[in-house]
1. Go through the residues of segment 13-29 one by one and say whether even a single one is at pLDDT below 95, touching a helix residue (DSSP H, G or I) at 6+ places or on another chain (Cβ under 6 Å) and part of a loop (DSSP other than H, G, I, E, B).
2. Could you check segment 139-190 and list, in sequence order, the residues that are among the charged types (D, E, K, R), outside any helix (DSSP H, G or I) and surrounded by fewer than 17 Cβ atoms within 10 Å (Cβ to Cβ)?
3. Of all residues in segment 208-267, which are part of a helix (DSSP H, G or I) and farther than 30 Å from Cys28 by Cβ?
4. Filter segment 39-67 for residues that are of a type outside the set (Gly, Ala, Ser), under 22 Å from the mean Cα position of the chain (by Cα) and in a loop (DSSP other than H, G, I, E, B) and give the result.
5. Would you pick out the residues in segment 105-138 that are in a strand (DSSP E or B) and under 13 Å from the mean Cα position of the chain (by Cα)?
6. From the set of residues in segment 99-129 that are within 19 Å of Tyr178 (Cα to Cα) and not β-branched (Val, Ile, Thr), which is modelled with the lowest pLDDT?
Amino acid sequence: MSDLYCVFGNPISHSKSPLIHTAFAAQCGQDLRYEALLAPIDGFAASVRTFIAAGGRGANVTVPFKEEAFRLATRLSVRAELAAAVNSLRFDGAEIVGDNTDGAGLLRDLRVNLACPIAGRRVLLLGAGGAARGVVAPLLEQRPATLVIANRNVARAQQLAQRFAATAGASLLCAGGYPELAGQSFDLVVNATSASLAGALPPLPVAAGVFAPASLAYDMMYGKGDTPFLAFARAQGAARLADGLGMLVEQAAEAFHFWRGLRPDSALVIAALRARSETGPAG
Ligand code: NDP
């Protein structure tokens, strides 16, 4: 019988994870079945336990259950502990092991797929939710000159910066609201808000300057064509644009390794997904 994996979310029908993990399994000769499971908003833990009872070996966790998954895990990786959010679970006997592969996924997409250096650069992170929390430590590990976290709810951004203050090293780590970005320029701007999901743009200052001339604008959201953030970045002069499809596949590759101990060729799967749906910005 095939080993059983799934992704829990709500909503979940849009998820590309079954496609990605099925492709990884075929590539690596692994006999596994992976499905998307809708967990009720108030029934995540019960859904996980039912899945384990049915023989589930591991699961991905997406919006809005990453913090609940963190609380449910009986053992955590260091990066999951730091992020206080879990996007990958492995069921080892009685243990529920939690990991967070979002940060590693973003970093690999930036550094390997997009050849975007971070050391010594000015980085702006928009948002202070679960996705932002997972990427602060991996971004700081690259020693950017500055990492600025901007969020609508300013207190949330400040709490996030405080949480990672001890790991900032020589990088200047600060947090604030959107109006404070006026007059500042960045080499890399990562949109980790969920604004694009609603077809909205984070309230960035309209006066040009946030995107430095050679900057990369990165939206964690993916889909056909430019998101509102990428369209704005293009109009504001960002040199390069990228959506979050690469991050999605790379965090999945990390999760696959966490479960099976094998690293699939993520570039092949990214190319196949782009060809299949013609997703992503042209720039
Ligand atoms: P959360 O719900 O935890 O956080 C949402 C964040 O977005 C908050 O900071 C919130 O600000 C902000 N926000 C929402 N709407 C707006 C708006 N209109 N303008 C400005 N800020 C806004 O979500 P996640 O952090 O889990 O996910 C964020 C995004 O990242 C989603 O689009 C998700 O799909 C994507 N993602 C992509 C991944 C990938 O692999 N490509 C992996 C993980 C996430 P406030 O605190 O002020 O409410």
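1. no
2. Scanning segment 139-190 gives Arg143, Arg152.
3. Residues satisfying the conditions are Pro228, Phe229, Leu230, Ala231, Phe232, Ala233, Arg234, Ala235.
4. Residues satisfying the conditions are Ile41, Thr62, Val63, Pro64, Phe65.
5. Selection gives Leu125, Leu126.
6. Checked segment 99-129; the qualifying residue modelled with the lowest pLDDT is Gly129.
The values are calculated or read from the model by the stated rules, or taken from the named source; none is laboratory data. What you see is a predicted model, and the numbers here were worked out from it, not measured in a lab. A quick note on method: Cβ atoms are made from the backbone with ideal geometry, for glycine too, and the neighbour counts reach across all protein chains shown.
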